Structure formats: C-alpha cells, structure tokens
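Inspection log for the structure reproduced underneath, given as structure tokens.
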Amino acid sequence: METANLAPSSFNLQPWKVVVVVKDPEGKKRLRRCALDQPKAEEASAVLIVVADPTALEENRDAMLDSWQDLGYTKPEQRSMYVDLIGRLYGPPDSWTRKLFAAKNAALFAMNLMLAAKGLGLETHSMDGFDEAGFKREFQIPDDKLIPMLVAVGYLRSRTKLLPRDFRRPLNEFVSFDSLSKVTVERTSSPKTTG
Ligand SMILES: Cc1cc2nc3c(=O)[nH]c(=O)nc-3n(C[C@H](O)[C@H](O)[C@H](O)COP(=O)(O)O)c2cc1C
C-alpha cells in the first residue's frame, strides 16, 4: 500500500480510499454476495475495495498546496490561481468531470497496487463484476463515492497453474501517428492467442 500510494495523481490530489476486507469470514461472504458470487472475492487472502472520491479535491487541496509551498514549488501568491484552476478543470463535486477525475486517478492507484503486490511475490485480480449499490450499503461507502474496482490479493496456492496469457491486439490495431483515424482494424477471424 505504501508503494501504491506513490501513484501519480492530478495535482497530487490523491482521490482514493481503500477498504480492506481481510480475515473476517462474515465480511468476505458479504463481499462475495456483492461481487456476483465470484469465488475469488471470498477465497483471496484480502480483497481491497478501491474507492474513488470526487470530494478529495476539497479534502486534500490545502494539504497539497501547503506541501508545494513548503517545498518551494510555488509562491504564496500563486495559491489562489491554483485553487481557481483546479475548480474550473474538475467542476462541482457531482459533475461528470469530477467523477472522471476521481475514477482515473483511483484506477492508477489500483494498477500501482497490483504491480507493487507482484513485486512482493503476491498475485492480484481486479474485478468490476459487482453490485456497486450493494457494496455501498454493506461497507458504509457514501453514495457520492465511486468504486472503480475491487482488487483480490493473495499468494498463489501451491500446485495452482495459471491459465496461459490471453490474446493481446497487435500494436498496429491501436497505435497511430498524428491522428486516430489512421487506425483501422479489419479482423476476419478471431485473433490468435499469443501464449
Ligand atoms: C477493471 C477490471 C475489472 C475486471 N473485472 C473482472 C471480474 O469481475 N472478474 C474476473 O474474473 N476478471 C475481471 N478482470 C480481469 C480481466 O478479465 C483480465 O484482466 C483480462 O481478461 C485479461 O486477462 P489477463 O489479465 O489475465 O491477461 C478485470 C480486469 C480489470 C482491469
């Protein structure tokens, strides 16, 4: 979690929160029920509910600006300019742009978490197959938050063999130079798994 917390974020506003469900068998059962009955939700050592918080802007803005000032990144007279800029970019707390701001930064945090876990010898599995309203009810997550994904974390059981790597599109199907219109995908059959 310490390493994941080094994830970059827009204006360093860090709009994520994490609910860790671990050990408590009753909590894990509730979790599985809300996660479309996916077994890994109950079987993993821990499941992290990654919460994206649109109101983190108000919550963390002053600490972030204080830090920039202390570190000499900004001058005190620039503070109101930043407050204004952030407000204009992300809009009011219930706006679509604000939700997108929270979700994309929280998703980067989640990816960082998965990479960090792998580096520590753990396996992870992200999930968005779940009932968001159910999670909010069961785990006291306020309605204005979003849940971009769950991340199951644990050690691979001995003798478990992972499935082969699933297909990935070749780069020329999604990378283009200068304009997206140059990417055309003409797939006549389903792509081959690269193994
Ligand atoms: C945001 C997100 C949500 C996902 N949700 C689920 C899920 O609910 N259940 C599941 O079994 N896999 C889920 N996956 C895993 C994907 O199916 C998997 O990453 C994809 O098929 C590619 O396979 P690979 O990661 O093993 O290469 C999710 C992955 C991401 C990134």
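The values are calculated or read from the model by the stated rules, or taken from the named source; none is laboratory data. From a predicted model like this one, the values you see are computed outputs, not experimental measurements. Cβ placement follows ideal geometry from the backbone for every residue including glycine, while neighbour counts extend to all protein chains displayed. The accessibility values were calculated without ligands, DNA or RNA, using every heavy atom of the protein model including side chains. Shrake-Rupley method; radii C 1.70, N 1.55, O 1.52, S 1.80 Å.
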At a 1.4 Å probe radius, which order do Arg187, Arg137 fall into by accessible area, largest first? Arg137, Arg187
Heavy atoms of Asp62: accessible area, 1.4 Å probe, square angstrom to 10: 80
Residue among Ile86, Ile49, Ile147 with the largest mean-square fluctuation in a Gaussian network model of the chain, springs linking Cα atoms under 10 Å: Ile86
Hey, which of these cross-link pairs are over 30 Å Cα-Cα: Lys75/Lys118; Lys104/Lys136; Lys28/Lys145; Lys136/Lys161? Lys75/Lys118; Lys136/Lys161
Sites Tyr155 and Ala133, calculated FRET efficiency, Cβ-Cβ separation with R0 25 Å, nearest 0.05: 0.20
What number comes out for accessible area per residue over the stretch 4-158 if the probe is 1.4 Å? Units Å², please. 54
Please identify, among Arg32, Arg79, Arg61, the residue showing maximal mean-square fluctuation in a Gaussian network model of the chain using a 10 angstrom Cα cutoff. Arg79
Using θ = phi - 60° and Karplus 6.51 cos²θ - 1.76 cosθ + 1.60, couplings along the stretch 7-13 (whole Hz; Gly, Pro as x): 4, x, 8, 4, 6, 6, 7
Of the accessible area of the stretch 1-142, with the probe set at 1.4 angstrom, what percent is carbon plus sulfur? 56
Dipole check, the chain, charges on Cβ (K,R +1; D,E -1), about Cα centroid: among Ala63, Leu122, Phe101 the Cα furthest to the positive pole belongs to Leu122
Taking the chain as a Gaussian network, Cα atoms linked when under 10 Å apart, which of Ser95, Ser80, Ser158 shows the biggest mean-square fluctuation? Ser158
Please give the Cα centre distance for the stretch 66-96 versus the stretch 108-133, rounded to the nearest Å. 30
Cβ-placed point charges (K, R +1; D, E -1), dipole of the chain about Cα centre in debye, nearest 20: 920
